[in-house]
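Colleague: This is the structure, below, for whatever I ask next.
The values are calculated or read from the model by the stated rules, or taken from the named source; none is laboratory data. Since the model is a prediction, treat every value here as computed from it, not as a measurement. With ideal geometry, Cβ positions are generated from the backbone for all residues, glycine too; neighbour counts draw on all protein chains shown. Keep in mind that these areas ignore ligands, DNA and RNA; they rest on the heavy atoms of the full protein, side chains included. Shrake-Rupley method; radii C 1.70, N 1.55, O 1.52, S 1.80 Å.
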Amino acid sequence: MIENGIMARYGALLDLPAHTIPITLNEGNTPLIPAPRLADELGGGFELYIKFEGMNPTGSFKDRGMTTAISEALGAGAKAVICASTGNTAASAAAYAARAGQKAIVLIPRGKVAAGKLAGAVAYGAQVVQIDGSFDDALNMVVAISQRQPIALVNSLNPYRLEGQKTGAFEICDVLGSAPELLCLPVGNAGNITAYWMGFKQYEAIKSYCLPRILGVQAAGSAPLVLGHPVDRPVTVATAIRIGRPVRGEQALQAAEESSGKIIAVSDDEILAMQKRLAKEGIWVEPASAAGMAGLAAEIRAGYRVPAGQRVVAVCTGHGLKDPDIVVKDLPPAKAVPPMAELLEEVIMAGL
Ligand code: AN7
């Protein structure tokens, strides 16, 4: 049997217990797509790449950490796994648990999860529980239950999640031949920024690659790491990162500081504008996934200039298909035309 997931490719670099039983959907190996036109629009003179994590099996970067977390949990004997989620973790946990023959229980904040994520969790057979509260409330609940019951917690508090997610950094370095100078990514619960920083540091140690600066980007209405205090009622159109008390917050701040980077916030309008701009490159991402790139654009508007020749990577964490409603909700329905070529021609020529 040939498997080509992140554990097959990077297993020797991952700190996983011997009891781990690999469960994979051949996640990872996602495209690193050059975006020269967008780079030119942002001042030019540098190389810009989009790491399109929406190309993972369940449509988000979470699959990298879920293959490792579920594999460890299965090896440890867990028959059930649980997580709180703004949606993507839920879909990913549901898929990998299904493959491992485990039951998955996922808690989501009611009314604040994009349609494609909820549908995914249901399709993969998870028990979905809606909470009349925030992601942060749901996380507190699943932590408590996993301490009382033999149910494995697969949120990014679980260290094996980060072991898997750090492979995103390895892949970027392997494609570029060294580390980029700057990495931009969205920040919610702050597991991913923490994992990327771990990955880059590991490659620095074993391959002597340099370290990138890390630009972490939160949504302005949900920016505890920028404000310096928890946010009790986070609000943002980017529901994936609607998180007011990031559990890996300290590590995220440390990654930003150690890397000479920073964590900033961008408005929902900036996020949605960048989502539209990325679509013009043929890359449709969900709103949260555009935040990293929106942060870079905001920095450049504020006077930052990417040094000549540098390589910048923006991690786009989830696929646009996860959240179709955000795109169609403000649009008039597509024009309907009777089956007559002349009428079609009129409609087309009016739009040219
Ligand atoms: C598309 O699924 O927290 O900073 O419960 O879905 O590692 O939390 C999702 C987070 C960025 C932020 N982009 O990553 C969940 C969840 C997308 C996301 C993030 C998420 P972290």
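Colleague: Using only the heavy atoms of the protein chains and a 1.4 Å probe, how would S208, S92 rank by accessible area, largest first?
Modeller: Order by accessible area, largest first: S208, S92.
Colleague: Moving on to the next point. Ratio of the chain's C-alpha Rg to 2.2 N^0.38 Å, to two decimals?
Modeller: 0.99
Colleague: In terms of Cα to Cα distance under 28 Å, which lysines are near enough to K207, apart from those fewer than 8 places away along the same chain?
Modeller: Partners within reach: K51, K62, K166, K262.
Colleague: Just name one of A78, A298, I348: the one whose Cα is farthest towards the positive end of the charge dipole of the chain (beta-carbon charges, Lys/Arg +1, Asp/Glu -1).
Modeller: Checking the options against the dipole of the chain, the answer is A78.
Colleague: Considering only DSSP beta bridges where both residues belong to segment 1-149, give the percentage that are antiparallel (nearest 5).
Modeller: Antiparallel bridges make up about 25 percent of those DSSP assigns within segment 1-149.
Colleague: Could you work out how far the C-alpha centroid of segment 57-131 sits from that of segment 291-352, in angstrom?
Modeller: What the calculation gives is 29 Å, centre to centre.
Colleague: Of all the C-alpha pairs in segment 62-159, what % are more than 20 Å from each other?
Modeller: Distances greater than 20 Å cover 25 percent of the Cα pairs.
Colleague: Seen from all sides and averaged, what is the projected area of the convex hull of the Cα atoms in segment 79-218, in nm²?
Modeller: Average of the hull's projected areas for segment 79-218 equals 9.2 nm².
Colleague: In square angstrom, what is the accessible area per residue of the chain with a 1.4 angstrom probe?
Modeller: Normalised by residue count, the accessible surface of the chain is 43 Å².
Colleague: Provide the percentage of antiparallel DSSP beta bridges, counting only those with both residues in the chain; round to the nearest 5.
Modeller: Antiparallel bridges make up about 15 percent of those DSSP assigns within the chain.
Colleague: Test of understanding: extend the Cα→C-beta vector of A123 to 7 Å, then name every residue of segment 25-44 with backbone N under 16 Å from that spot.
Modeller: 25
Colleague: Right, something else. Keeping all protein chains in place and using 1.4 angstrom, which order do M1, M293 fall into by accessible surface area, from largest down?
Modeller: Ranked list, largest accessible area first: M1, M293.
Colleague: With charges only on Cβ, +1 for K and R and -1 for D and E, what is the dipole size of the chain about its Cα centre, in debye, rounded to 20?
Modeller: Its charge dipole is roughly 660 debye.
Colleague: On the accessible surface of the chain, probed at 1.4 Å, how many percent belong to carbon and sulfur atoms?
Modeller: Within the chain, the accessible surface is 56 percent carbon and sulfur.
Colleague: May I ask you to rank Y10, Y124, Y304 by accessible area, largest first, using a 1.4 Å probe over the protein chains only?
Modeller: Y124, Y304, Y10
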